[in-house]
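Here the structure comes first, spelled out in structure tokens, and everything after it is commentary.
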Amino acid sequence: MRHLHEGFRNAGTAVPVFSLRSEGSFGVGDFGDLQMMIDWVAKTGQHILQILPINDTTSTHTWVDSYPYSAISIYALHPMYCDLRQLPALNDKAVAAEFEEMRRELNAYAQIDYEAVNSAKNAYLQFVYKQEGGKVRRTKAYKSFIGETQHWLDGYVEYCVKRDKATDGNYYRWVQYVLDQQMKAAHEHAKECGVMLKGDIPIGVNRRGADVMLEPRYFNMNGQAGAPPDNFSVNGQNWGFPTYNWDEMLKDDCQWWVRRFQNMAKYFDAYRIDHVLGFFRIWEIPIHAVHGLLGQFQPALGLTKQEIEGYGLWLDEDFMTRPFIAGWVIDRFFPGRSEEVKGTFLNSEGNDMWSMREGFSTQRKVEAYFLSKCSGKPEKLSADDVNLREGLYSLISNVLFVRDHKNPELFHPRIAVQNDPVYETLWQHDKDNFNRLYNDYFYRRNNQFWYEEAMKKLPRLCDATDMICCAEDLGMVPDCVPWVMNQLQILTLELQSMPKDPSCRFGHLERNPWRSVCTISSHDSATMRMWWDEDWALTQEFYNTMLGHGGPAPHPMPEWLAADMVQRHLNCPSAFCVITIQDWLACSEQLRLADANAERINIPANPKHYWRYRMHLSLEELLDADEFNAKVLAMVREGHRA
């Protein structure tokens, strides 16, 4: 891993490749647009361009595949990023004219039409392959690429052929060769411009992808990776990825991960480890669950019955590990519909206590029932059915403890259960004892254990390449995470709106560690302008106490205030200050998007979110915005980052 020189400080921009727009792109950003974005970064005195994952996510050929963190291959690049302008022109002029008309139509859209774009680009690539593929496959460069990538390419091609019921696997090889050449060219261009390309390594992979198909021993298919409840989602997040079989991965010194990092080094100078907490422990959700509340950290030191009772809490397994469904709970969850719920979904246990019927005993069974009502299209469900479904999910997760996924004699306190009826039923002294157990378990018990787990993995991976290692270390962060980050000199992520010090409402920028990346917003959060208008009382406090301005905070955020906030981040000690393109553009009322709410890239609480944000400005317009570009350059220089 490359280490930074003490005092080194740079500025940069974060933007997904798919969000880039140029006059010649095909309805989605591509690797040619990436070179233009590099030009803008360099022109404005910045030295970092951070992007989202660019791996192939094509699993269903629907918009669901737009989720960039669900790769079907940790090596293959997404075909939609191919810059068609860099390919030989089509010999058939009539066909070329049809595609040009299609390109203009798709490129005029405010947002990405993922399905139409990928269908059109795939069709175009098929034409080019038939025209040029045989010639390219005879070249020395192509043969060299095939030899270097054989360890993954054959398996990826096998997957694609099965997925598409295709016959010519060489088409997929050729597409990957073209993408590799274009991405390498973008990387070379960045180096020539003095710009570091910073990639993103997702914590998970698609459970139906090529990686899992080829090396199933590395994955636990009976678990789903996710995150515990946070400010983004009260029910936690279920990403659906299989969890890793670390015991198996450690047998060969994490070669799967080493190869993955080394492949990234072909294209990037730095990288962000998505959800680095997953290398300490992952939030593993049972396969029968939909929400994240029934998850548990894996690995983790589960509690024995004797340990639980050592806290003064008698473990009644029947009461504490099965859903607590009393009549009053049903009335609360389903106002006006309790009799309907009892008659359809529940069995009476006597004394006004109930249990889930076998056909609805898990959240997945409940989900299947409602999917059958809407022909598999949950967006078609009525609001009443959605409320009913969510209420049944909540009934099923209304437990005080969950059994360990590997050892049924061990137990884990259910996350955030203090908000649920089963916790209400406890006597006050039992609540006190449970809370002592809960806090010890989540914040103290596993610290040394998780430190040791991370140190089995991360040093090997950091040393695998010369890339600068950064990590997303937000969320429910145990104390051992800073120990490892400091020891390995991994850059942390600092957001002022999500301070790591629980005693602070907002982060103090001047306290940011030098070995960190600071930013204002990310692809998972509201943009700066959106955040400013979400909670006026909160931003009023921020305006007066953190920014030091008197009087009422202005709404919507004016450009001078946006520039003030960006400048304060540029001035802070963090080695990297990376600002999203939306937050840069907020500094110009002339260039910013009129509707701030249209700037959002992702909503983490929605596992079916459509990733389709596009810049409203073309890169040509951005490069020609002399007044704005001079302003950005001046801000970067004032922060001593140029």
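Points worth noting:
- If you go through the stretch 512-571 and keep only what is aromatic (Phe, Trp, Tyr), in contact with a Ser or Thr (Cβ under 9 Å, 6 or more places away or on another chain) and crowded, with 17+ Cβ neighbours inside 10 Å, you end up with Trp531, Trp532, Phe542.
- Residue identified as buried (at least 22 other Cβ atoms within 10 Å of the Cβ), touching a residue at least 12 places away in the same chain (Cβ under 8 Å) and within 20 Å of the chain's Cα centre (by Cα) among Val64, Val17: Val17
- Looking across the stretch 61-86, the residues that are in contact with an Asp or Glu (Cβ under 6 Å, 6 or more places away or on another chain) and among the aromatic types (Phe, Trp, Tyr) come down to Trp63, Tyr81.
- Test: residue in the stretch 623-634 that is of a type in the set (Gly, Ala, Ser), at pLDDT 95 or above and within 30 Å of Glu6 (Cβ to Cβ): yes
- No other residue among Leu4, Leu52 is farther than 22 Å from Ala598 by Cα and out of contact with any Ser or Thr (no Cβ under 8 Å at 6 or more places or on another chain) apart from Leu4.
- From the list Arg207, Arg217, the lone residue that is over 23 Å from Gln262 (Cβ atoms) and either part of a strand (DSSP E or B) or among the basic types (Lys, Arg) (or both) is Arg207.
- Candidate set: the stretch 221-251, residues that are of a type in the set (A, V, I, L, M, F, W, C) and in contact with a strand residue (DSSP E or B) (Cβ under 6 Å, 6 or more places away or on another chain); chosen: the one surrounded by the most Cβ atoms within 10 Å (Cβ to Cβ): Ala225
- Of note, Gly32 does not satisfy the criterion of being assigned to a loop (DSSP other than H, G, I, E, B), assigned by TED's automatic domain parsing to the domain that holds Ala123 and either buried (at least 17 other Cβ atoms within 10 Å of the Cβ) or not aliphatic (A, V, I, L, M) (or both).
- Residues in the stretch 1-57 that are in contact with a helix residue (DSSP H, G or I) (Cβ under 7 Å, 6 or more places away or on another chain) and among the basic types (Lys, Arg) were compared, and the one that is nearest to Tyr114 (Cα to Cα) is Arg21.
- Residues of the stretch 594-615 that turn out to be surrounded by 18 or more Cβ atoms within 10 Å (Cβ to Cβ) and within 21 Å of Pro558 (Cβ to Cβ), as a count: 2
- Yes/no for Asn602 being in contact with a His (Cβ under 6 Å, 6 or more places away or on another chain) and either touching a residue at least 12 places away in the same chain (Cβ under 8 Å) or closer than 30 Å to Lys377 by Cα (or both): yes
- Restricting the stretch 151-181 to residues that are part of a loop (DSSP other than H, G, I, E, B) and without any contact (Cβ under 8 Å) to a residue 12 or more places away in the chain, the residue that is surrounded by the most Cβ atoms within 10 Å (Cβ to Cβ): Asp168
- Odd one out for Gly240, checked against (1) at pLDDT 95 or above; (2) not in a strand (DSSP E or B): (1)
- Single unsatisfied condition, Lys184 versus (1) surrounded by 22 or more Cβ atoms within 10 Å (Cβ to Cβ); (2) out of contact with any Phe, Trp or Tyr (no Cβ under 6 Å at 6 or more places or on another chain): (1)
- Taken together, the residues in the stretch 298-320 that are in a loop (DSSP other than H, G, I, E, B), touching a residue at least 60 places away in the same chain (Cβ under 8 Å) and either hydrophobic (A, V, I, L, M, F, W, C) or crowded, with 16+ Cβ neighbours inside 10 Å (or both) amount to 7.
- Boolean, Ala270 is under 18 Å from the mean Cα position of the chain (by Cα) and hydrophobic (A, V, I, L, M, F, W, C): yes
- Yes/no for Ile273 being of a type in the set (Val, Ile, Thr) and surrounded by fewer than 23 Cβ atoms within 10 Å (Cβ to Cβ): no
- Of all residues in the stretch 189-204, those satisfying the criterion of being farther than 20 Å from Tyr75 by Cβ and not in a loop (DSSP other than H, G, I, E, B) are His189, Ala190, Lys191, Glu192, Met196.
The values are calculated or read from the model by the stated rules, or taken from the named source; none is laboratory data. Every value quoted in this text rests on a predicted model; they were computed, and no experiment measured them. Virtual Cβ from ideal backbone geometry, glycine too; neighbours counted across all protein chains shown.
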